[in-house]
Amino acid sequence: MTQKVSAVYPTLQRRSIGDVVRKVQQKLGLVADGVFGLQTEIAVRSWQRSNKYSSNGILNDEQIKKLLGA
């Protein structure tokens, strides 16, 4: 029996950097520079409102998986 292991994403917020930020930015239709700045935060808050999450601009593992379709 094999178990499916899914990725656990780090919490992303202002000043986060890296490949996961870049993937999130691509999904949100932003310039994907890998730096979680003001424009990314604004887009994240909008996405959170549209998906019935607290609009705090901070993405947790569950939200990242939903956003990326993982």
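What pairs can you find where one residue is in the stretch 14-42 and free of Cβ contacts under 8 Å to residues at least 24 places away in the same chain and β-branched (Val, Ile, Thr), the other is in a strand (DSSP E or B) and open to solvent by 90 Å² or more (accessible area, probe 1.4 Å), and their Cβ atoms are less than 9 Å apart, with a gap of 6+ or different chains?
Every condition considered, the pairs that remain are 35/17.
For the stretch 14-54, give me each residue that is part of a loop (DSSP other than H, G, I, E, B), open to solvent by 40 Å² or more (accessible area, probe 1.4 Å) and of a type in the set (Ser, Thr, Tyr).
If the condition is that a residue be part of a loop (DSSP other than H, G, I, E, B), open to solvent by 40 Å² or more (accessible area, probe 1.4 Å) and of a type in the set (Ser, Thr, Tyr), then 53, 54 are the ones that fit.
The values are calculated or read from the model by the stated rules, or taken from the named source; none is laboratory data. As the structure is a prediction and not an experimental result, all values here were calculated from the model. Methodologically, a virtual Cβ is constructed for each residue, glycine included, from the backbone with ideal geometry; neighbour enumeration extends over all protein chains shown. Heavy atoms of the whole protein, side chains included, go into the accessibility calculation; ligands, DNA and RNA do not. Shrake-Rupley method; radii C 1.70, N 1.55, O 1.52, S 1.80 Å.
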